[in-house]
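Here's the structure we're looking at; comments come further down.
The values are calculated or read from the model by the stated rules, or taken from the named source; none is laboratory data. Because the structure is predicted, anything quoted here is derived from the model rather than measured. Cβ atoms come from the backbone with ideal geometry, glycine included; neighbour counts cover every protein chain shown.
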Amino acid sequence: MKMRTILMALFLVFTVACGGSKQLTNPPVSGSYEFAVTSNVTGGVTLVEADLAASGSQSSASGPSQVQILTLEKKTWYVNGVCAGSTPGQNSLAANVSGDNISLTFNEGGYELPGQGVLSGSTITGNYSLTNSTCPDLVGEVGYPSGYDSGGFLGNQVPALTGTFVGTLNLPDGTDNAVLTLTENSDYSLTVSAQLTGNLDDGTFPLTGSAVGNVMFVAGPVNGQNLSLLGYFDRVGAYTGMPNSLLVFDYGTLANAGLLLAK
């Protein structure tokens, strides 16, 4: 009887342990993500912002309303990335999860960057390397084979993109005082109330588009002309030097329009 009791206890411990290990399996990767991809060759940081959808162990996002890319390299910002590819802005991201391991392919307008990483909760860390890339940024780097790159990446989920930001913006009609109020919906659609005060742009104008990770991608008519804006929200000031700041670009010209601060 005593032996039977011991065996039954051991069986229950084994069963609980097995059940516990199943519960530790990572869920599919989905939601709004920011991936900071750092090159060991150029020193640049490419921010891949994505709204990922999962189907089983596969996750993906594609197109401007789901993936936006910016690169900060040698104190210069590159909208659509420093390797914008043959189709700038037409980016994609694909991921495959197997247990704690994850493989990813970042596609920057036609330039692909494959990486391998580890998934811990919702955080993704990993490394990448590639050879024979035709990206002009990787051609002629001293000390490296032409077209070679390697580095690491860190991916984290990000909260909804909401808030009010104030400052000045250099827009096609001139310099305006701006108050942008952002509201992200559950489907990642974004509405922006843009209150502009300037020589020609006095008024409040509704802009619509997408919240893509930490990126605002919106457009709308302002005094009869279409205005298209891309804004990067830097929560901790890692890249703009100012926490809770919105770095805004005129997407029509890709020019830096200004830095707004959270109100």
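So which residues in region 119-163 are in a strand (DSSP E or B), farther than 18 Å from A238 by Cβ and touching a strand residue (DSSP E or B) at 6+ places or on another chain (Cβ under 6 Å)?
Matches in region 119-163: L119, G126, N127, Y128, S129, L130, D149, S150.
Scanning region 190-206 for residues that are in a strand (DSSP E or B) and surrounded by 21 or more Cβ atoms within 10 Å (Cβ to Cβ) yields L190, V192, A194, L196. The listed residues are S245, S186, and the only one of them that is surrounded by fewer than 16 Cβ atoms within 10 Å (Cβ to Cβ), outside the structural domain of T71 (by TED's automatic domain parsing) and within 19 Å of the chain's Cα centre (by Cα) turns out to be S186. For region 101-110, the count of residues that are outside any strand (DSSP E or B), under 20 Å from the mean Cα position of the chain (by Cα) and surrounded by 15 or more Cβ atoms within 10 Å (Cβ to Cβ) is nonzero. Annotation note: of G147, G85, G89, the sole residue that is at positive phi and either hydroxyl-bearing (S, T, Y) or under 14 Å from the mean Cα position of the chain (by Cα) (or both) is G89. Here are some residues: L207, L130, L138, L154. Which one is out of contact with any Ser or Thr (no Cβ under 7 Å at 6 or more places or on another chain) and either in contact (Cβ under 8 Å) with a residue 60 or more places away in the chain or among the charged types (D, E, K, R) (or both)? Checking each option against the conditions leaves just L138.
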